[in-house]
Amino acid sequence: MRKKANAMRDHIRIGTRKSALALWQAEHISAELQRLYPNITVELVHFNTKGDRILEKPLAQVGGKGLFTAELEEAMHKGDIDIAVHSLKDMPTELPEGLTLGAISAREVPYDALVSPVYKTLDKLPEGACVGTSSLRRQAQLLHVRPDLKVEVIRGNVQTRLSKIETEKLDGVILAQAGLKRLGLDDQITQVFKADEMIPAVGQGALAIECRADDTEMLEMLAPINDEATRYAVEGERSFLRQLNGGCQVPMGVHGTINKGQLILKAMIASLDGKTVYEGEISGPAKKAEILGKNLAKALYEEGGKHIVDALIEEGIIK
């Protein structure tokens with residue numbers, strides 16, 4: 001159990017995107033800070049990121065890293081905000097110089113979920129059914145199991161993507177279970193895919209609190225929010241992705257769990273059409289999370305993942 005820090009500053013500015021989910025996440029961390037330090041005030045500072053502004057293209061075509069984080073990070077560098085709250089899965093594996101992950105809070109459910117009001121589950125979708133997703137990782141794993149399905153790329157916040165079931169006549173959409181749960185929309189979930197059915201995105205379900213690396217006061221205040229087990233798990237996941245130079249837009253998934261001090265990582269690299277999937281697993285001491293992630297990435301790369309990575313580079317999805 002970490003000892004609470006002695007709050008030294010009385011006002012904290014949190015940078016956040018404007019979507020309902022981003023605001024829930026920022027307010028959740030705000031409430032945690034106010035619980036720990038009852039005398040502080042917290043201000044939410046709203047940002048509109050590149051990933052929020054460009055909705056007419058799939059994320060993989062927008063290009064660049066930090067699509068949902070760069071504007072907040074620039075504000076931190078300028079001193080306009082003290083911390084930024086992100087969905088960890090949106091964060092590049094390499095942070096800008098001078099910034100660090102001050103805390104990663106306890107992980108919410110990490111899985112993907114299907115919302116299909118009519119058909120309910122993947123196996124009951126009719127041949128040729130149309131499923132919406134914003135993720136190439138989900139697309140690849142979906143087509144691996146059901147190559148007959150049509151996948152439509154959908155963008156927007158959680159509510160917008162759910163509404164497209166009606167507006168675009170989709171038979172279902174796949175979203176992160178954590179986001180639906182946080183917004184009180186989990187009653188709309190009709191199927192949850194566990195990690196052996198659809199490997200989640202790196203960091204899915206975890207919240208990251210980013211701050212300036214030299215802000216020792218803020219780091220001390222954030223320390224009680226950090227969840228050690230979650231941190232080890234996502235360090236392994238992010239190390240896997242970093243080794244392959246991937247990002248949140250690529251068809252790779254990796255999921256870490258901690259059991260009695262051991263980290264178990266399960267990962268996959270898939271072709272965009274889902275026809276080729278390389279999967280692997282590794283385990284070892286949680287404190288060696290970074291090397292475990294790196295070793296698993298190397299193993300899958302050498303097994304055949306190199307051909308998929310090379311194709312993704314050629315198509316401009318990995319830069």
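Using C-alpha pairs under 8 Å with a sequence gap of at least 6, the mean separation divided by the residue count of segment 112-193 gives a relative contact order of 49 percent.
Residue order by solvent-accessible surface for Phe47, Phe240 is Phe47, Phe240, largest first, with ligands and nucleic acids left out and a 1.4 Å probe. Taking 0.36 nm per residue of separation and subtracting the current Cα-Cα distance, fully stretching the chain between Asn245 and Arg9 would add 81.2 nm.
Taking label positions 7 Å along the Cα-Cβ direction at both Leu95 and Asp273, the computed distance is 4.1 nm, reported to one decimal. Estimated from helices alone, the mean residue ellipticity of the chain at 222 nm is -9500 deg cm²/dmol (sum of -39500 (n - 2.57) over DSSP H runs with n ≥ 4, per residue). Compared with the dominant Cα axis of the chain, that is its longest principal axis, helix 158-167 is turned about 30°. Mean sequence separation of contacting Cα pairs (under 8 Å, at least six apart), scaled by the length of the chain, corresponds to a relative contact order of 21 percent.
For the chain, the C-alpha radius of gyration divided by 2.2 N^0.38 Å, with N the number of residues, is 0.98. Computed over segment 227-318, relative contact order equals 32 percent, with contacts defined as Cα pairs under 8 Å that lie 6+ residues apart. Extending 7 Å from the Cα toward the beta-carbon at both Asp196 and Asn259 defines two label points whose distance is 1.0 nm. Taking a spot 7 Å from the Cα of Lys181 along the direction of its beta carbon, which residues of segment 81-125 have an amide N less than 20 Å from it? Flagged as within label range: 86-91, 104-116, 121-122.
Considering only beta bridges that DSSP places wholly inside the chain, some 70 percent are antiparallel. Rounded to the nearest 10 degrees, the angle from helix 136-145 to the longest Cα principal axis of the chain is 40 degrees. The residues of the chain expose, per residue, 45 Å² of accessible area to a 1.4 Å probe. For segment 112-193, the spread of Cα coordinates along the three principal axes comes to 32, 23, 21 Å, biggest extent given first. Working value for segment 227-318: equivalent-ellipsoid semi-axes of 24, 12, 10 Å, each the square root of 5 times a Cα gyration tensor eigenvalue, largest first.
The values are calculated or read from the model by the stated rules, or taken from the named source; none is laboratory data. Everything numeric in this text was worked out from a predicted model, so none of it was measured. Neighbour counts run over all protein chains shown; Cβ positions are idealised from the backbone, glycine included. What goes into the accessible areas is simple: the full protein's heavy atoms, side chains included, and nothing from ligands, DNA or RNA. Shrake-Rupley method; radii C 1.70, N 1.55, O 1.52, S 1.80 Å.
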